[in-house]
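Just so it is clear, none of the values below were taken in a lab; they were calculated from the coordinates. Computed from a prediction, not measured in an experiment: that's the story for all the values here. Using ideal geometry, Cβ is built from the backbone for each residue, glycine included, and neighbour counts are taken over all protein chains shown.
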Amino acid sequence: MAQRLTLILGGARSGKSDFAQALARKRGGDAVVFVATAEARDEEMRARIEAHRARRPAAWQTLEAPREVARTLQNAQGEPQVVVIDCLTLLVSNVLLTDESGAEARLTDEVDALIAWKRTHSVEMIVVSNEVGMGLVPAYPLGRVYRDRLGVFNQRVAREADDVFLMVAGVPVEIKSLAARPVPL
């Protein structure tokens, strides 16, 4: 299995997770490790987590990792063909909400460790993340820090990725190959 890295970006309810799961099923069958970064901080999030769990194949291994994703991946059982990380958006949020003052270094460490893990394992990785830079500027400082940090880390993962998809209304558009084309002036 090739060591592909695929990044799937999009807005809320754009179909990112469904597309990631379909891609993982096609490329890895039952040999998939699904890394869930969500934390059930309220009833609405608990319900969302349960709905996501219900849509995943029962044969897939699920690892709960709100932080330290690369370290958690060391505990995966067997030899997965594909690792799905859903999602970078919540990982960034989880780190920021733990301690905003040291979050920058911890976020950098998280992404560095994830990329390093990927480079040393013969597995395909699919990373899901929200594209948050196309909306309104958040009215509060933590929201702006969050948007900025997520944007920076999306860019880092996109540079490493073989494929980058932007989900629009459930339609995946592969954008990295489009960006590689010469721009007519």
task = Residue by residue through segment 38-72, note down the ones that are farther than 26 Å from ARG106 by Cα, within 18 Å of the chain's Cα centre (by Cα) and assigned to a loop (DSSP other than H, G, I, E, B).
result = ARG56, TRP60
query = Does GLY102 qualify as being exposed (fewer than 13 other Cβ atoms within 10 Å of the Cβ) and over 19 Å from PHE165 (Cα atoms)?
reply = yes
request  = May I ask you to list pairs of residues, at least six apart or on different chains, whose Cβ atoms are under 8 Å apart, with the first in segment 36-51 being at negative phi and loosely packed, with under 14 Cβ neighbours inside 10 Å and the second being assigned to a loop (DSSP other than H, G, I, E, B) and of a type in the set (A, V, I, L, M)?
outcome  = MET45/ALA38; ARG46/ALA40; ARG48/ALA38
Among the candidates SER122, SER101, SER129, residue that is without any contact (Cβ under 8 Å) to a residue 12 or more places away in the chain and polar (S, T, N, Q) = SER101
ask   = Only one residue in ALA20, ALA12 is more than 16 Å from ALA161 (Cα to Cα), aliphatic (A, V, I, L, M) and touching a residue at least 12 places away in the same chain (Cβ under 8 Å), so which one is that?
value = ALA12
